[in-house]
Amino acid sequence: MGLFESEIDVQRGLSLASRVHRKYRPVFDRLPDRERAALAFYFLPHRSAKDILEVTRPRVIKWYCPFADQRTFPSGHRYCINVYTGCEHGCEYCYAAGYVASRAGCKNTFRADLAKDLDALDAYDVPSAPAHISNSTDPLQPLEQEHRHTLYALETLAQRRHRFTTIIVLTKNPSALTDERYVRALHRLSELLPNHPRAEWFEENSYPPLRVECSLAFCDEKSRKVLDPGAPSVESRMRAIRFLRKEHIPVLVRIDPLFPRDPLPGGKKMSDFDLPDVQPTADLGRLIRFCQEVGAGHVVYSVAKITRPRQGGLPTVMEKMKRLYEYLAPERSLVFRGGSWRLPKMVADEVVVKPFLELCRQHAVHAKTCKSNLISTP
Ligand code: SF4
């Protein structure tokens, strides 16, 4: 039994929910009263005297993206658990570098905070939702070897499995998951007991309640070293994906982000911008065939953004990429939004996405954008 043993508590939660900022209304307003009240108690600062409340309660099991406006980015009620801060992989194109600390670090109170949040979910009887581990850091970066916070999180979430629908582990280091302790935890998370509130739905729709999402944007080590210099090798990622598939663990490959490639419009080449052709069509074809071979569900993609880091300037390779983007975007139409430069949609679709989707079609591999993959995850 949670907090809501009486109608009065629900009413308190509803009065709190009525003060939530309107950008969160699309999520709050469509829920039944009791669920709306539970969400309000969990996410909103309930001692605040402000008239309008933001989702700002400090949590490690937090709202998917505290910056997201649900009217424009309808991610719904979902959680993100950022196990570490920053990321040792240091990818040149890292989108998270725009808003998190550049130095990777361990959250000293992570375990205690996780336990506290799980207790709060139970106390308020918050409806189950998807959990993403992690979107602003790699949960299996080298720090994990020393601290094992991600292993702890996986094992602990398995004990409260009823609080979560799909659990997603997103990493560039899937080989960490081949350790038997992780495999055991992933198998436990893959099973929904009959008393799970959504067990029937997952069963009826044959939808896997756990998946590993592995980013693998390059097929060639030389290209990987240009843009993912601190991340594990292509070969180690592929080997680990094969292993996990043999263990019947659902894996989805993210060929993400996508970059422009030769031939560029106007007769130019990547080398004209002092850039290597990091994702030639032949390499993309190999990656897509790999996804097909390992039965990796669908593939996920998005067009590379050029993120302005919170600290320091753009890395040299991304400076060059920005010059290429400026060339591709006619008449200064490069879009700057949310701290990143992006190609105008029409250019991105025509130059970057269309040839990729054609390859996916040829290999009968279904592709989803990063956003549609996220919002279609129940
Ligand atoms: S693995 Fe992800 S979070 Fe880490 S640096 Fe690369 S893009 Fe950023």
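Read-outs: derived from the displayed coordinates by stated rules, not from any lab. Bear in mind that the values here come from a model prediction, so they are computed numbers and not experimental data. Reconstructed Cβ throughout: ideal geometry from the backbone, glycine too, with neighbour counts over all protein chains shown.
Values of log10 I(q)/I(0) for the chain across q = 0.10 Å⁻¹ run -0.68, by the Debye formula with one identical scatterer at each alpha carbon and no solvent. Take 298-308, 164-174, 185-195 and order them by the average number of nearby Cβ atoms within 10 Å per residue, most first; the result is 164-174, 298-308, 185-195. For VAL303, the amide hydrogen comes within under 5 Å of the amide hydrogens of LEU258, counting only partners 5 or more places away or on other chains and with H modelled in the peptide plane.
Need one number: the % of Cα-Cα pairs in the range 204-281 sitting beyond the 17 Å mark. Don't skip to the end; give the middle numbers.
Details: 1661 of 3003 pairs.
Across the range 204-281, Cα pairs with separations above 17 Å total 55 percent.
Only DSSP H runs of four or more residues enter the estimate; each adds -39500 (n - 2.57), and after division by the residues of the chain the mean residue ellipticity at 222 nm equals -10000 deg cm²/dmol.
Add +1 for every Lys or Arg and -1 for every Asp or Glu among the other residues with Cβ under 14 Å from the Cβ of LEU118, and state the total. The partial results should precede the final answer.
Numbers: positive: ARG59, LYS62, ARG111, LYS116, ARG160, ARG161, ARG163; negative: ASP113, ASP117, ASP119, ASP122, ASP125, GLU155.
Summing Lys/Arg as +1 and Asp/Glu as -1 gives +1.
Here the label points at ALA68 and LYS268, each 7 Å from Cα along the C-beta direction, are separated by 3.4 nm in the simple model. Counting Cα-Cα pairs of the range 272-351 in 10 Å increments starting at 0 gives whole-percent bin shares of 15, 39, 31, 14, 0.
The angle between the Cα long axis of helix 316-328 and the longest principal axis of the Cα atoms of the chain comes to about 80 degrees, rounded to the nearest 10. Rg and Dmax, both from the Cα atoms of the range 1-57 and both in Å, are 10.5, 31. Beta bridges per DSSP, both residues in the range 247-378: antiparallel share near 45 percent.
Hey, which of these cross-link pairs are over 18 Å Cα-Cα: LYS116/LYS172; LYS62/LYS107; LYS345/LYS371; LYS268/LYS305; LYS62/LYS305; LYS322/LYS345? Flagged as over cut-off: LYS116/LYS172; LYS268/LYS305; LYS62/LYS305. Can you tell me the orientation of helix 110-123 relative to the chain, as the angle in degrees between its alpha-carbon axis and the longest Cα principal axis, to the nearest 10? Tilt of helix 110-123: around 50 degrees.
With the highest mean first, a sort of the peptides 280-291, 77-88, 310-321 on other beta-carbon atoms found within 10 angstrom per residue produces 77-88, 280-291, 310-321. Per-peptide packing, taken as the mean over residues of other Cβ atoms within 10 Å, places 370-376, 44-50 in the sequence 370-376, 44-50 from highest down. For the chain, the longest principal axis of the alpha carbon atoms and the long axis of helix 33-43 meet at an angle near 70°. Most simply put, the chain has about 30% antiparallel DSSP beta bridges, counting only bridges with both residues inside it.
Proximity of backbone amide H atoms, modeled 1.01 Å from N, is registered between GLU213 and VAL169, LEU170, THR171, LEU252 at under 5 Å, excluding neighbours fewer than 5 places apart on the same chain.
Overall size of the range 14-116 from C-alpha positions, given as principal axis extents largest first: 43, 32, 23 Å.
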